[in-house]
Amino acid sequence: MQFYLANVALYNRGVQAAQDTARAWDEQWQDALGISQGGSGISGGILYGAISEVGVLIAVGALLFMVVKIIKEWNDGNYSGWDELIWPLLVATVLANPQMLAEFTFDLRNAINQVNSQVLQINALGLELQDAFRQAQGLGNVQASISGLVRQCETTIGQAQIECLNEAFNQSEQLLQNYQGVFGDAGWIAQRLSDLGELRDAIAQNPLSLLAPVGLGNPVFWSVVSPSWEAVVYGILWGWQSAFQNGVEVSLLLTGLVGPLALAGSILPFGGAKPIFGWLTGFFSVGLLKLSYNIIAGLDASNLVNSGVTDSISFPLFIAIIAPALSSAIAFGGGLAVWQAATGAIRSGAEAIAKIAL
């Protein structure tokens, strides 16, 4: 049973692992974009450099096409749009110096993360969203640990089971007291300490109320001990949630890497909105997805911690399935709205300039 006493240490290591993962993503961005860790500048960035070279080839092809078009119109005496060269030359200058676009992309990503960090520090029902999320995770860990401790007593009978249950309750109380050192006087910790005390009294008054099978006839038991299948589902859902968050990070990184292609494509002689605006919209959409997910998960965690609900499976179910679906819908709608607004503004601006010119 001593394994479960290390639960708080495991939780702390889990928090540390999350921080290490965040730092690993920072390093991944710096390596992919070629941003030196000690400051600005390209220190490698083989991947981003290769994509930038493709962007340069696209830009060169577009510029050659434009030069041929200018020469033809010049020979016909119809060319008067020297201002058309301003944007292509600006794009060519940026692509010739990939450090500029890489640093802009990295700063854009850092701005998104900064907004997320500030949002997670917002108070809801007296708790910062980030602390509420950690408490909800701790609640699930406690539930799983107490359940494991108590269910070990199912293999014993009679007085041996009574002694086993008392020892399980002692260790569970010690575990909760250790969590109090992490979260303070959280309501869910006090509630479970009260439930354990009630179960201990039930054993003293009527041992058969908790014996063969464990928990028979005592509803408080099921508020403390989860079904055996719940631990498996709990682990799967948390793994799913982690996979979703990593997927968001990968999406953001891939969006950042194709920046040179979007910039180069914006000088191709095709109609419609420029790809660079689509790239910015995509970057914004993934950032909005990340922000929406953190807000939704944080608010649900705050509600769970403050409501006194003992169901530890509802939170991982929400953050693994429902929150990703909701945040994806919000990000899609927000990105589409920004794209439509941007293209509408460009179209209106072009029409206004055309009227003035005419």
- Query: If the Cβ limit is 8 Å and pairs must be 6+ apart or interchain, which residue in the range 194-206 that is part of a helix (DSSP H, G or I) pairs with which residue that is acidic (D, E)?
  - Reply: L196/E173
- Message: Among the residues that make up the range 219-226, is at least one of them part of a loop (DSSP other than H, G, I, E, B) and at pLDDT 75 or above?
- Response: yes
- Message: All but one of (1) at pLDDT below 85; (2) among the aromatic types (F, W, Y); (3) surrounded by 15 or more Cβ atoms within 10 Å (Cβ to Cβ); (4) over 30 Å from A186 (Cα atoms) hold for F106; state the number of the condition that does not hold.
- Response: (1)
- Message: Going by what's in this entry, would A273 be described as over 27 Å from P324 (Cα atoms), modelled with pLDDT of 85 or more and not charged (D, E, K, R)?
- Response: no
- Being surrounded by 13 or more Cβ atoms within 10 Å (Cβ to Cβ) and outside any helix (DSSP H, G or I) is the filter here, so list the residues in the range 230-271 that pass it. V258, S266, I267, L268
- Message: Please go through (1) surrounded by 14 or more Cβ atoms within 10 Å (Cβ to Cβ); (2) modelled with pLDDT under 60; (3) of a type outside the set (S, T, N, Q) for P207 and return the number of the only condition it doesn't satisfy.
- Response: (2)
- Note on the structure: Among (1) within 20 Å of the chain's Cα centre (by Cα); (2) modelled with pLDDT of 75 or more; (3) surrounded by 14 or more Cβ atoms within 10 Å (Cβ to Cβ), L127 falls short only on (2)
- Note on the structure: Those residues of the range 125-167 which are among the hydrophobic types (A, V, I, L, M, F, W, C) and touching a Pro at 6+ places or on another chain (Cβ under 8 Å) amount to I162
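So, L149, is that one in contact with a Cys (Cβ under 8 Å, 6 or more places away or on another chain) and at pLDDT 80 or above or not? Show your work before the answer.
Numbers: in contact with a Cys (Cβ under 8 Å, 6 or more places away or on another chain): no; at pLDDT 80 or above: yes.
When the stated conditions are applied, L149 does not pass them.
Do you know which of the residues in the range 38-67 that are among the aliphatic types (A, V, I, L, M) and at pLDDT below 80 is nearest to V258 (Cα to Cα)?
I46
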- Message: Conditions first: (1) at positive phi; (2) at pLDDT 85 or above. G184 passes all but one, so which condition is the exception?
- Response: (2)
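The values are calculated or read from the model by the stated rules, or taken from the named source; none is laboratory data. What you see is a predicted model; the values in this text were computed from it and never measured. All Cβ positions, even for glycine, are placed from backbone atoms using ideal geometry, and neighbour counts span all protein chains on display.
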